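Q: Have a look at the structure that comes next, please.
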Amino acid sequence: MENEFREFSERLVDVFRPFHQRAVEAESLLQEMKAELSAERQKYLQACKENTELRARIQSMENENILRAKCGGNFNKDTKKGSST
């Protein structure tokens, strides 16, 4: 009886070995994909940050141009005041 159980166990292990191997490979692939996704996410977040910074710079430049236009071109960028002369 014990011998039969051992043989049955060995056959069962043999049957499930390929499935286990595929599961191990799938887990490895999943980890690789997670790493790639994380890297892509970091690139996206960096691009968003750069986009926000560029938009702020553009807005600042537009505001300076508006002030220059209102002050007749006598706009001093350092003081952010128009010249009275």
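The values are calculated or read from the model by the stated rules, or taken from the named source; none is laboratory data. Not measured: the values here are computed from a predicted model. Using ideal geometry, Cβ is built from the backbone for each residue, glycine included, and neighbour counts are taken over all protein chains shown.
Q: Based on what the data block shows, is ASN51 exposed (fewer than 10 other Cβ atoms within 10 Å of the Cβ) and either without any contact (Cβ under 8 Å) to a residue 60 or more places away in the chain or assigned to a helix (DSSP H, G or I) (or both)?
A: So ASN51 fails the test.
Q: Is it the case that VAL24 is β-branched (Val, Ile, Thr) and at pLDDT below 95?
A: Working: β-branched (Val, Ile, Thr): yes; at pLDDT below 95: no.
Criteria not met by VAL24.
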